[in-house]
Each structure stands twice: as structure tokens, then as C-alpha cells.
Amino acid sequence: MKISEIENEIVEEFSLFGDDWESKYEHLIDLGKSLPLIDEKYKIEENIIKGCQSRVWMHSELKDGKVYFTADSDAIITKGMVALMIRVLNGQTAKDIIETKLEFINKIGLKEHLSPTRANGLVSMINRMKMDSVKFSR
Amino acid sequence: MLDIKAIRTHFPILQKTVNNNPLVYFDNGATTQKPLAVINAITEYYTKQNANIHRGVHALSREATELFEEARKTVAHFINAEESELIFTSGTTHSINLIANGLSFEKDSEILLTQLEHHSNILPWQLNAQKNNAKLKVVPIHEDGTLQLENLKNLVSKKTKVVSITHVSNTLGVINPIKEIISEIRKLNSNTLIVIDGAQSVPHLKIDVKDLDCDFFVFSGHKMYGPTGTGVLYVKKNVFNQLQLSASGGGTIKTVSFEKTEYVDGPLKFEPGTPNIEGVIALSAAVKYIDSIGIEKIAQYEHELLGYAQSKLAEIPEVEVYANHLNKAAVISFNVKNQHPFDVGTLLDKYGVAVRTGHHCTQPLMNYYNISGTIRASFAMYNTFEEIDVFILGLKKAIKMLS
Ligand SMILES: Cc1ncc(COP(=O)(O)O)c(C=O)c1O
């Protein structure tokens, strides 16, 4: 599936919750539990994404021209956010990852996680995924 | 008894809703909300009195200067200091930097801090120690967040030039018995300069710098219902001449030539440039506001809030409170077993409850407990028992969602 198609799928999935933020966050927490976990050997200092109150480790790999991510975090809501990002970007080409705007975050009402005062570092996370893709496209 | 209903009407921001819930503001340790008296003082100043001070011959400048110096008197009396001992700064951090940058020592001197200190009471001393080849020493704490005072006599020696201690821990709320500590230090070394970081005590406790007998006492306006960008550096009269100038400029002199400058005496010497005039005037409005309510009454009420909140937290088995006792200002730091503070804080925010999560600029203290952070709820005079119920209910729901 294309990035935009997966984004639409997620927007639809979250639209079921309407204004019910508790269910939405419960879902996010469940997603966190399903995160493709990073191999312990990649849980090293240079794979920690800085700027997070919670720690996030992320590892990326290039396979057959597509980029794949694994990650972990010590905070479960952060993990849910990472899981969403990975679901959208996993198995895409570096070029598509670099170019995508990831508008779904806004549309599913988790925009607050993009604000610079939010200590979970979603912005740093996105930057990291894009920077890794830039490296792979060289 | 405090009339909390009336007090709440003095703080317009408390009418705000967050995520469709009434705002429950429990991040007062970071900064307090401002009463109308303070907000109006700023508006009034710019509407009617704005002029530069200590400079003009004209009426407006005279009026502004008078208000500014009146404010110095008001704030000085609030902590039982003389106005000639009170320097206005931009905040606690600025005040501590003025002290640390204004003192120099011979090699191998020692500066004594505690495990509880805020980074703002560590880093300026670290820089000072690097410059002077001095050593930082640290008073350790007990598990309950109290200082290991039995170690004081091993830590204060002839080499100890400065002891800089927080009055109230911003992370734990623990109140240090600084009066006894100061008198103990005086006995061990009468030349040691004693700095008290009052950032978290001034909003909650009656302060009398003469009675305490400290050499320096510092605090921030914004944590005591006053505006940001205001702070105080109290310097005891007879140590004024030990503090060297680390910054200088206009408004601080008698005469200047390229060869030699003669400075004015007293606090103005340490206030170069145009100060935060409206801020200082509004800070004095904050002091008057606190006085109108009564700091002792505020302290007592906040203590009741603390006791109530801690007893409610004790009913939640997953909650672990640090410094779980009542010899504290109205601050509670806690964690939920197996949960990250960030997750708990994020969900509480959704319920409209503003708490702080993280290391609270006290990483050495976090290292002591071997944790990355805590959830901190800190109260002010306008908080209520009902708000604590909302917080506890939200916390219970958050724990359920997370586990
Ligand atoms: C104990 C203590 N010291 C110093 C500071 C620094 O104060 P400010 O940021 O107002 O300079 C704070 C503020 O968090 C504090 O709580």
C-alpha cells in the first residue's frame, strides 16, 4: 500500500472514536504493545532519539530498495505514536518517506504530540526516520 | 480561614477549560498564576506611568522612579530586609549567577551544595569552581529526602568558602531546617558565605532573612504570583563589599572616565541598564496581594491540601511517593509502578490536570533515586480539595488505561 492509503486507513480507524479521547488513547496504548520491537543489540546510545522525555530507540534497514524500521520506548503512549509512524512508513521507498507530509497525525486528533512543548519528541522521531532514508538514498 | 471561592475569582485564568474539563492547575512549582492585582499593575503602569527611572528630571520619570523604589521597600520588608540590601534581578537563576560570578577564591577552596539542588544552584557554582580551581562538595540526603546533617561537620572546613542550599526542594517539597543549618555552619567556619535558594520557599513560608542570618537569599517573582523576568538577590549589609561586579553599565555610577569609574553604593550598582520596571512594580503588587491574604494562612491551607492529597495517594497501591511525609511545602513527587511519568502526565493533561513530569532540573537527585523522572503536583493558595479529587480520579483512570 502507498503511504497515503495507509494514512487514510488510520484516519478511518480513529474516526470510529469520535470525541471519545479515552478510547482513542486506549487504542494508541494497544498499538504501542504491537510495536515491531528493536533487536536488543541495536538499543545503543547512537540509536536513542534525543529530545524526548521518554527514551526512544530506533533502527532502520534497507531491504530490496525499501526501508524498514524497528523501535522501542520506555513510555507506552510514545510507543503507540512510534507504532503508528512505522505502520505508515515501513516498507516504503526512501524517496516516498522523505517526501511524505504525514498529515494523518493532525487528522486523528493527535496534533498536540507535534507541538514543540511535547516532550515525547514525535518531531525528532519523524526527522530521524527521514534522515535515515536520506542516508539510504545516497 | 481562607475564602478560596473569593481568591479564585482573583485569578482569571482559573476559568479556563482544557480538553473540555475545568483547568486543574497543579504546576505551581514551575510558575504560579497571576492575580488581577498583578495583571492590573502592569496595565496601569503602561497606561499611566511609563518612563525610564533614575534618570529623568520630568514628572513621569520621577513617578516611575518612586514606584520602583517603593517596590524595593515593599519587597524588602516582605523578607525583613532593608531596602539597601535588595537587588532586583530577572530571577533566581540570574541572582545565583550574580553571586557565583561575583566571588573568587584561592585554589583548593570548597563550595558546598546539596543533593537536592536545582540545576540553577549547581551550574553557576560549577563554572565558578572551574575558574577558581575550587572543589564542589555535596551534602548527601536520606531516603526520605532530608539532608544528612550529621555529615555537616565533616563537610564544612576552613576551605569552605560558600554553602549554597535550597530552602525547599523544588522536586520533593522537603523543607530544609536552614536556620539550624546556618547556625551550625557559622560555628564550624565563621567566614563561610551562606546562600539560600528561596525560589520554592518564598511563596509558601514566612521569610525573615535577619532571623535566618544568611548572607544571600534569592528568589523569583513568577513563582510567588508575580510576573516572569523578576527576581531578588538579598545581600546582607556587611557582606555587600565582598560581592564583586560581574556585569556593569548605565545607571550604576557616580562618575565615569576612560581611566576610572566611581560606582554608586548599594543595590543600584548591581542593576546596570534599564531594569524590568513594570515587572518590579507588579512584583510588589504580588507581595501586597500575599500580605492581604496572609502568608501564614496560605501556608496552613496549602499544608491541609498536601495532607489530603498524600492520604488519597496512599490509597492507590501502584503509587510511590518520594519524601512521603508532611515536613514539606505543598509539593508531591511520585511515580506509578511500571509506568513512565510521561504517560501518566499525558493522560492527566487530557483530564484537564496540569502536572509536571520529568527530572525537574534536578538530575543529581533523580540519580540518587535511580529514576529518570517523577510526576510532580504542586499546589498554590487557589487550589481546592475538589481539584485534588479530580486529580485522584484522573490518576486512577490513567493507571487503569495504562495497565
Ligand atoms: C529551587 C529552585 N531554584 C532555582 C530555580 C530557578 O528559577 P528561575 O527559573 O525562576 O530562575 C527554580 C525554578 O524552577 C527552583 O525551583
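Since every read-out is calculated from the coordinates, none of them should be taken as a lab result. Here the structure is a predicted model, which is why all the values come from computation and not from measurement. Quick reminder, even Gly has a Cβ in these numbers, built from the backbone with ideal geometry, and neighbours come from all protein chains shown.
Tabulated data for the structure shown
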quantity	calculated
Kirkwood Rh in Å, taken over all unlike Cα pairs in segment B:137-283	17.3 Å
√(5λ) per eigenvalue of the Cα gyration tensor, segment A:3-136, largest first, Å	22, 18, 13
Principal axis box of chain B, alpha-carbon based, largest edge first, Å	71, 55, 34
Proximal aspartates and glutamates to A:Lys43, defined as alpha-carbon separation beneath 20 angstrom and excluding residues fewer than eight positions away on the same chain	A:Glu61, A:Asp72, A:Asp74, A:Asp132
Kirkwood hydrodynamic radius of segment B:246-403, from inverse mean 1/r over distinct Cα pairs, in Å	19.1 Å
Inter-part distance where segment A:64-103 and segment B:296-342 are each reduced to a Cα centre, Å	39 Å
Shielding score for B:341-350, defined as the mean number of other chain Cβ atoms within 10 Å	6
Two-decimal ratio, the protein assembly as shown, of alpha-carbon radius of gyration to 2.2 N^0.38 Å	1.10
Debye, to nearest 20: dipole size of chain B, +1 on Lys, Arg Cβ, -1 on Asp, Glu Cβ	480 debye
Across B:Lys223/B:Lys337; A:Lys79/A:Lys130; A:Lys66/A:Lys107, pairs whose alpha-carbon gap is larger than 20 Å	B:Lys223/B:Lys337; A:Lys66/A:Lys107
Per-peptide average of other Cβ atoms within 10 Å, ordering B:342-355, B:120-133, B:9-22 highest first	B:342-355, B:120-133, B:9-22
Packing-based order for B:87-96, B:147-156, B:255-264, A:66-75, using average beta carbon neighbours within 10 Å, highest first	B:87-96, A:66-75, B:147-156, B:255-264
Hits among lysines - C-alpha to C-alpha of B:Lys48 under 24 Å, sequence gap 8 or more where chains match	B:Lys34, B:Lys73, B:Lys288
Set of lysines with alpha-carbon distance to B:Lys254 below 20 Å, sequence-local pairs under 8 removed	B:Lys269
Helix-only [θ]222 nm of the protein assembly as shown, DSSP H runs n ≥ 4, -39500 (n - 2.57) each, per residue, nearest 500	-12000 deg cm²/dmol
Chain B, relative contact order in percent, only Cα pairs under 8 angstrom and at least six apart counted	23 percent
Hydrodynamic radius of segment B:78-190 per Kirkwood, over alpha carbon pairs, in Å	15.0 Å
Prolate/oblate/rounded call for segment B:216-298, Cα gyration tensor, a/c under 1.5 rounded	prolate
Only Lys, Arg (+1) and Asp, Glu (-1) charged, at Cβ; segment B:294-402 dipole about Cα centre in debye	240 debye
Whole-number percent relative contact order across chain A, with pairs defined as alpha carbons under 8 Å at least 6 apart	28 percent
Inter-chain Cβ neighbour average for residues B:119-125, partner chain, 10 Å	0
Rounded Å value of the spacing that divides the Cα centres of segment A:1-51 and segment B:209-248	49 Å
For A:15-21, mean number of other protein chain Cβ atoms within 10 Å	1
